[in-house]
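The values are calculated or read from the model by the stated rules, or taken from the named source; none is laboratory data. Since we're looking at a predicted model, the values are computed, not measured. Virtual Cβ from ideal backbone geometry, glycine too; neighbours counted across all protein chains shown. Accessible surface is based on the protein model in full, side chains and every heavy atom, while ligands, DNA and RNA are left aside. Shrake-Rupley method; radii C 1.70, N 1.55, O 1.52, S 1.80 Å.
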Amino acid sequence: MVNRIFEKALTLANGRRIPQLGFGTYCIPEEQTAEAVNAAIETGYRHIDTAQAYGNEHGAAEGLRRSGLKREEIFVTSKVMAEYKSYGQAVDSIRESLRVSGLEYFDLMLIHCPQPWDEYGSEYRYPEENRAVWKALEEAYEAGKVRAIGISNFSVWDIDSLLQTAKVVPMVNQFACFAGYTDLELIKKCFDCGILPEAHSPLGHGDVFGNGRLKEIADRYGVTVAQLCVRYTLQLGMISIPKSLRRERMAENADVDFVISEEDMDLLKRM
């Protein structure tokens, strides 16, 4: 039986469709990525998330090729390195990602973070630099090298700053969101601006599994904590990209065709 969750897609601001449930490849070594992505595609996933920083863009694309599916059947996201904060660096990095992956285009390319990772959370937010990187992404979008463009880990302030000069409004903002860590203000900001919010780490890097309250709620629905947490992000209207190297976990994370009550959603938001 076909899992209906894989057929659910959201519409980006430019009219393109993005599968609401994706497969993340963060921390998957390059030598294991092709096998993992191929297994995810065989499970039913049609949205693959990679990044320059992960060092596995080639493996992600190779997994797609091994699947035997047509390129247009798989939505592939990558990200410009957080450390690249100039127009020239961004232009070169987009070109390099296409070369390394062997893909003719990416379906979505993001700025990975508004700050270099070793300055994450610091006071300076790199406003002018991010606008320069965004210009490079806009040009790649206009040239058809990427079919959609967006941002990652951008705060409300970062979004407002970027929109001051952006010709194209970001179509996605990918950021951490899970039960116990939900930035409702940022989610609302995204929707208000026509930006689809996307949850990376919907399982909280594994931290959710030790939460007794989540286990109690999951038990009431007859599901696992992982399934509850993935479903939670989907019901927030977000794209969700859990990851796993095990096929049974890939299938479990996608077996989320149930509905969390409004009361429990409110509880999860407040955790």
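Quick check on my filter: what residues within the stretch 63-75 are part of a helix (DSSP H, G or I) and out of contact with any strand residue (DSSP E or B) (no Cβ under 8 Å at 6 or more places or on another chain)?
Of everything in the stretch 63-75, those that are part of a helix (DSSP H, G or I) and out of contact with any strand residue (DSSP E or B) (no Cβ under 8 Å at 6 or more places or on another chain) turn out to be R65, R66, S67, R71, E72, E73.
Would you mind telling me which numbered condition in (1) surrounded by 19 or more Cβ atoms within 10 Å (Cβ to Cβ); (2) part of a loop (DSSP other than H, G, I, E, B); (3) within 19 Å of the chain's Cα centre (by Cα) G237 fails?
(1)
Any residue that is in contact (Cβ under 8 Å) with a residue 40 or more places away in the chain, open to solvent by less than 30 Å² (accessible area, probe 1.4 Å) and not aliphatic (A, V, I, L, M) - is there at least one of those in the stretch 205-221?
Looking for residues that are in contact (Cβ under 8 Å) with a residue 40 or more places away in the chain, open to solvent by less than 30 Å² (accessible area, probe 1.4 Å) and not aliphatic (A, V, I, L, M), one finds none in the stretch 205-221, hence no.
Condition check ((1) farther than 17 Å from E57 by Cα; (2) in a strand (DSSP E or B); (3) among the acidic types (D, E)) across all residues:
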site	(1), (2), (3)
Q89	yes, no, no
D92	no, no, yes
R95	no, no, no
V100	no, no, no
M109	no, yes, no
A140	yes, no, no
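Scan the stretch 75-120 for residues that are among the polar types (S, T, N, Q), open to solvent by 30 Å² or more (accessible area, probe 1.4 Å) and under 16 Å from the mean Cα position of the chain (by Cα) and jot them down.
None; the set is empty.
Among the candidates A199, A251, which residue alone is of a type in the set (A, V, I, L, M) and in a strand (DSSP E or B)?
Of A199, A251, the one residue that is of a type in the set (A, V, I, L, M) and in a strand (DSSP E or B) is A199.
May I ask you to verify whether A199 is open to solvent by less than 20 Å² (accessible area, probe 1.4 Å), closer than 23 Å to N253 by Cβ and touching a strand residue (DSSP E or B) at 6+ places or on another chain (Cβ under 9 Å)?
yes
Under 6 Å between Cβ atoms, at least 6 apart or on separate chains: pull out the pairs that start in the stretch 135-154 with a residue that is in contact (Cβ under 8 Å) with a residue 40 or more places away in the chain and end on any residue that is among the acidic types (D, E).
Once the first residue is in contact (Cβ under 8 Å) with a residue 40 or more places away in the chain and sits in the stretch 135-154, its partners that are among the acidic types (D, E) give R147/D107.
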